[in-house]
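Read the figures in this text as sums done on the coordinates, not as results from a lab. What you are looking at is a predicted structure, and each value in this text was computed from that prediction instead of being measured. Please note: Cβ atoms are built from the backbone with ideal geometry, for glycine as well, and neighbour counts cover all protein chains shown.
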Amino acid sequence: MSADDPFSFVDTERKPASKKAHWRDKLFSRDKPKNTADQQVEAFLAPVRSKSLSHGGHSVSTTQREIPAPPRLDVSQRWPSHESQTVSPISGSSPPFDAQLPAVPTLPPLKIRKNKGLRVKFTDGAPVCIGEGGDESEEPTIEISLNRNRSYSESSGRLDGADNSQSGGHQLRLDTSLSDGGSQGGRTPLLIKNTQDADFLMALNLGESGSRLSFRASPGADSVAQRVRAKMEVEEGRALQQKYEDPTSPNERTPESPTSLYETPQITEPEPATPPSPLRTPPSPQKPRLTNPADVVPSSGLPPIGNTKTLSPPKPELLRNAASEDLRPPSRESPLKSASPQPPKYSLRSIANQFGEVAFVEFKEHVGRYKDVIEASAESAKPLMETSLTEWVRAGVWWFMRGKKRLEAYARSRSRPDSRSSPEMAQQAVVDLAKALWINETIVPQHPEVTRYGAMSIDALIAVVSTTGDKQLADLLGVYQSVLSHLRSLTVSIKRNNILSAVHPETQCDTSVWVRYPFFAQDVSAVLSGATSRSMLLDNSGKGPTFVQMMPLGDNSRHFSYGNMFVDVSVSSSEDDDQQFSMPCALSIIRDRADWYVLAAITSQSDLVNVMIQPDKKKGPTWDDVNWQVRTHSMRVKLPRGFELDVMFKEDDFKMLWNIVNYTLKTEASLQPEAGESVIFECTLKQFQYMDPGTPKAFPPEAIERCRVRLFERSVTVTEGTGTRSAHRGFRISVLTTPKVKTLSSVRHILGHGAPVLFGLLRGEDGAPALVLKVNEDGRSRSMLMTFQETRERTNLHSLLLAMLPKQRELKVADIPLRAYTIEQPADRFNGQPPKQHLQFPAGTVCVIDQEHDYVEHGYGPTVLSEHLRAFIASEWGSVTDRLNLGPGELKLGLDINNRTGLSLYRPAQQDLTVSAAENLIPPETQDKLADFLQIAMTKPMIRRFDFMTVKGLHEFEKAVTGFTVLFDSVASSFMISRRRMVVPITKKWESTMARIQIVRQDKVVQLLAFLNDFSHGKCLNFVLKSTDIIEAFNRSGKYGVRIVDAKFALPKTDDDPSSDFVCLDMPEYPSEHDDITIAFDTEADRFNFQSAAPGSVREPSRMGSLRR
C-alpha cells in the first residue's frame, strides 16, 4: 500500500494501464485537443514539479466521479519553507474522500494523477539580481543589501503601474488549474508583473506555431507575446529618444526615466546639486587616484571642494561618450533596468573618477589659451616633426616635473603663515603643466615615429612594438601614458585647492619649451653623458641607464622613487680655470627593488647630462665620491677623467637628500660587520615582527615578510705579557626589511653581553618554526619574533647564540650528567660580606668544547690562553656558556673532601659569560636577577660548583678543563707535615685528620693535590712530584702509609686570601719548604694505587734518620 495514494484502501480490480503517448506524438500530432492555455501550462510544468507538491489525484473521467479541489498552494516566496512545500491531501476545508465517493464496487481501479488540481502563480516580488557583490565589487556589502531592498519596493510599484498603463487596462491572467473551465473557487487570478517571468514564458515557444505551447503565434492583441513585445518597444523607444535629444537639467526629468542611470550629474553655479548617479570614466592605462579619499562624500555626490561656484559643467559629448562606453549594461539585463531604474549607486572610486574627469576638463579649458603661444615658442627653436620622439617625451616629463615641483612649493607657501604665496609662481606652474599637456596630446600622437604603425590606440601600439622588439619606443609610449595619468591626478589637487582661481591670465610667464645648454668638448660631453667609465679599456659591458630610468615620475616595476628636485650644476676641472656655466638639471632619488643602495640620477632636459650616483665604482661615481658642502647647500661629485660636478640645491631639497642618503646608508651598513665583528649567521626570514612599546617605532608593528637577518660575533683583542688573544664580547643581531619594500626599516640589538639571552621556541600559524628573542634596553622590553622557512635555520641561530655546538676544528667532550650546578660570589672578609649564590641549576649536563690540541709555544698547556675553550651547562629552563679564555694562573681548582663527586672552579671577573633562559619558564623577577648577576660577574670573581653523578665524570671534566689527567683520587685518613726547626734538630708535626688526595699528570709533569680538613695552617696545597723523589711505605696502627722524603712544596695559603680553598695547576707556588710529608690510608689498595701513580722510587722505611737531620 502506497502512503502517497489516498485511494489505496479501495479494493477494486485493476485495469490494465494504457500505453503513454510518445513525446513526438505529443509535440507533432495533427489532432490537437482543444485545451485552454491554463491546461497547456499545467501540462508543461507537470513533469518537472516536485513530488512534494503533488498530492492531488488523477481524473480518468470527469463524468464518472467528482474529485474535490485540493487545498490552495500559494507559492509567494522565492524559496518556500518545508511546511509550504508539503501539503496534506486531507484538510479541514474539504470533506474526507471516503464521504464523497459513492460505493460502486464494480468500478475499475483508478490510476490517480498526483499533480491534478494544483495551481501555480508567479511571485509578486521583483527578481533578485545575483550578479551584485563579489570580490570585484566597488561597494560595501551593506550598501548592496540596502540598494537591493530599496529596488525591490520601488521596481514592484513602477512595474505595476507600467503594466496597467501600457496594456490599456488588460491584465495578463494565468490559471494553471487543470480542472474544467471556470471552476476557480472564487479566487482572483494572479498577474504577471515581472518582465523576466514574461521572457521565461516567451522562451517556451521553441517550435512552430502548431507546437504544444505557443504564445507568440496567438494573433490576439491581448496575448502574452503581443503585450510583452509592445512593452519592450515602448521602452526601447524611450531609450532612443532620451539618447539623441540634447540633455537638459537632470532636475527636469522624471525619476521613472529609463535612462536616468546614464545621466551626468549637474554641476551648476548657484548650488551643488546631488547627482542622480556617478559617472565612471573609461579605463585609462593608469587610473588617477584621489589625493584624499576621505574628502569624497558618497551620500551627497560631489563634496564642496574649495569654491563650488567655479565649477563648470563638462562637455555633453565627452560625458555622454564616457557613460556609453563604461556604463553600458549587459544586453540580457537591459530590459529589466530600463523598466525598473534603481537608485544610483555611489562608490568612492566612481565619484573620484567623475571628479577627476571634471577637473581634467576644466584644466584643459583653462590652459587652452596658452596652446598657440607654446606651439610658436617650440617651433621657433626647432621644427616640431623633425625633433625625435625621445626628445619630445623627455621634454614632456621635464615640464611635468617642473610644474609639479613649483605647484608643491606654492602650496607649501600658502600653508605657512609667515610666508607670502606668489600668484606668479602658481601661474608659471600651470603654464609648465600646459607645456607637458600640449606635448603629450598634440605632438606625441601625431609624431611620425608613432603614426607609421597606423591608426590604433596607444595600448595596441605598445603591444605591437613590444612584439617587434622595439623596446625603446615601448618605453617612450609607457612614459607618455604615465605623464597623462599623473597629470590627471594632479588636476584633482589643483581643483581641490582652487589653484586656477588664484591665477591671473594677464601675468607674464615663460612659455619656452626648450632649455638652452652650453656646448662642451667631446671629452667633457662624454663624461657628463655617462658614457665614460673609470676603466682605461674599452667597456662594452652594457649601455648606461636611459632617461626613462633616470627621470621616473613615481614607483615602477624596477625602482622606487623618493622624490625629484631641480638643481643647478656646473662642471669643473683642475686643469681648466675658465668660467663655469650653470646648467639646470633634475635630480631624482631612486632605489632598485633588489638592493638597499640609494641612487641619485642627475639629468638635463636634453641628453647632455646623465650622471648616476650608484654602487659600482667602475661604472661611475658612488656616494664615497661625494663631498657634502653643508654651509653652501651643495655637493661636489668626482667624475672620471679628473672632472668634478658641482650641484647646488635649495635648502629644503638639500636636507631631504642628506637625510635620505644618510638613513639609507646607515640602514644598509647595519648588515655589514663593524670593527671586531664577524658574520656567523644570515638568512632570509619567512616573517618578522618587532614589538616595541616605545615611540617612535624603529620598525613597523605588523609582521613583514622576507626580512634579512644577520648575527655577528663581537670580540676584542686582549694584549698581555703572554701575547695577544681574542676575547668574546657577545653578539649583535641586525634585521633589515627586504629591499622590495619601499620604506626601509632596520633594528639591531646586542645579545649575550651583560644581559641574559631570553628566548622562546614557538610555531607559526602554518606550523613554521619560530624563535622569539626578548631584549631589555633603555628601561623597556622589546621582542623579536622570527619565523623561519626551515627548522634547521632556527636551530642553527639558537645554537650559535648559546655557543653550544663545536665549530670547525673544534672538539666536544660528551655530555656529562650533573646533580647540581651553582655560581656564587665568594665571601669578602675585608668588607664582611658572606658568600652569595646567584644562579643554581638543580640538574643538567655539562660538556666542554675546545679546539684541537696542537703544539703551543707558551709552554703552559693547550687549555691556557685558549680562545675556544668553553663549558656549556644546560638545564631544564636555561643554560650557561662559561668561556675559559684565561691566562696562566687565573683558573684554580677545588675538590670537596666530604663529596667525592664535587668540584669547584675559581676564576676572576669575566665579560664573556653567556646565560640564556626560556622566558616562558621563569618569572620576570628571575630575569632581572640574572641581569644583575651578569653585571656583577663582569667586576667580581665567581666560583662555579659542580656536583657530578660519578667520579669518572668528574675526572673527564677535570681533564677537559685543566688538561691534567687524574692518575689517583682517594681520601686519606691523615695528612702530616714534619716541619723542622731552624737551629735545633727538633721537628714539629702539622697534621690533618682527613685529606682528599689526587695525583694528576700533564705530559711529563706530575702533581700531587691535597685538600685538607681541620687543618689550621691552610686548606689545600699542591706540588710537583719528580722521579728523584723517595717514597717510603710503612704500616702503623692498622694504617697503610707512605712518606715522601724531603718533599719540595709551598705552605698553604691563609684564610685572608679569597682563593685559599683552590689550587692552580698550570702555575704551582714556588716550593719554599723541604720537609717530609706522611700520608696514611685506610686500605692497602689505596696505598698501592698511590705508589703506582707517583713517579718517585718506592722503598722500605729506613731505620736511620735523614742525613740532613
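With viscosity set to 1.002 mPa s and temperature to 20 °C, compute the Stokes-Einstein D of the range 810-960, Rh being the Kirkwood radius across alpha carbon pairs; µm²/s, no decimals. The estimated diffusion coefficient comes to 132 µm²/s. Under a model in which nothing but the beta-carbon of Lys, Arg (+1) and Asp, Glu (-1) is charged, the range 367-502 shows a dipole of about 760 debye around its Cα centre. Using the Cβ-Cβ distance between Asp1055 and Arg1001 with R0 = 41 Å, the FRET efficiency computed as 1/(1 + (r/R0)^6) comes to roughly 0.85.
Taking each residue as 0.36 nm, the span from Tyr597 to Lys1048 lengthens on full extension beyond its C-alpha to C-alpha distance by 155.4 nm. With both labels modelled 7 Å from their Cα along Cα-to-Cβ, the Gln508 to Val1024 distance reads 10.4 nm.
Where a ≥ b ≥ c are the square roots of the eigenvalues of the C-alpha gyration tensor, would you call the range 964-1099 rounded, which needs a/c under 1.5, or, failing that, prolate if a/b is larger than b/c, or oblate? Rounded is the answer for the range 964-1099, as its axis ratio a/c remains below 1.5.
Distance from the alpha carbon centroid of the range 804-880 to that of the range 1061-1103 works out to 29 angstrom.
The simple Förster model, with R0 at 45 Å and r as the Cβ-Cβ distance, assigns Glu674 and Glu1069 a FRET efficiency of 0.55.
The modelled label-to-label distance between Leu811 and Ala463, using points 7 Å beyond Cα along the C-beta direction, is 7.3 nm.
In plain terms, the chain from Ser572 to Gln935 could stretch by 124.9 nm, reckoned as 0.36 nm per residue minus the Cα-Cα distance. Phi angles of the range 399-408 translate, via the Karplus equation with coefficients 6.51, -1.76, 1.60 and θ = phi - 60°, into HN-Hα couplings of 6, 5, 4, 5, x, 5, 5, 5, 5, 5 Hz per residue; Gly and Pro are given as x. Fewest neighbouring Cβ atoms within 10 Å first, the residues His798, His1074, His1017 line up as His1074, His1017, His798.
The 3J(HN,Hα) values that the Karplus relation (6.51, -1.76, 1.60; θ = phi - 60°) gives for the range 623-637 are, in residue order, 5, 6, 8, 9, 10, 7, 10, 5, 5, 9, 6, 8, 9, 10, 10 Hz. Gly and Pro appear as x. With R₀ set to 60 Å, the beta-carbon distance separating Met691 from Arg829 gives a calculated FRET efficiency near 0.80. In order along the range 864-875, the Karplus-derived 3J(HN,Hα) couplings, from 6.51 cos²θ - 1.76 cosθ + 1.60 at θ = phi - 60°, round to 8, 6, 8, 7, 10, 5, 7, 10, 10, 10, 10, 9 Hz, and Gly and Pro are given as x.
The ranking of Ile750, Ile374, Ile439 from fewest to most other beta carbons within 10 Å of each one's beta carbon is Ile750, Ile374, Ile439. With a/c under 1.5 counting as rounded, go ahead and sort the range 642-717 into rounded, prolate or oblate using the C-alpha gyration tensor (a ≥ b ≥ c being the square roots of the eigenvalues; past the cut-off, prolate if a/b is larger than b/c, else oblate). Oblate shape, in that a/c is at least 1.5 and b/c is the bigger or equal ratio.
Within the range 820-918, the chymotrypsin sites (Phe, Trp or Tyr not before Pro) that combine a DSSP coil assignment with at most 10 other C-beta atoms in a 10 angstrom radius are Phe830, Tyr855.
Restricting the range 655-764 to trypsin sites (Lys or Arg not before Pro) that sit in a DSSP loop and have at most 15 other Cβ atoms within 10 Å of their own Cβ leaves Lys697, Arg706, Lys740, Lys742. Its Cα centre serving as origin, the range 522-669 has a Cβ charge dipole (Lys and Arg +1, Asp and Glu -1) of approximately 520 debye. The count of lysine pairs in the range 871-1013 that are at least 8 places apart or cross chains, and whose C-alpha atoms lie under 18 Å apart, stands at 4. Computed over the range 964-1099, relative contact order equals 27 percent, with contacts defined as Cα pairs under 8 Å that lie 6+ residues apart.
Starting from the Cα-Cα distance between Gln789 and Lys988, subtract it from 0.36 nm times their residue separation and give me the gain in nm to one decimal.
64.2 nm
Close amide H partners of Gly530, meaning residues 5 or more places away or on another chain with modelled amide H under 5 Å apart, are Asn610.
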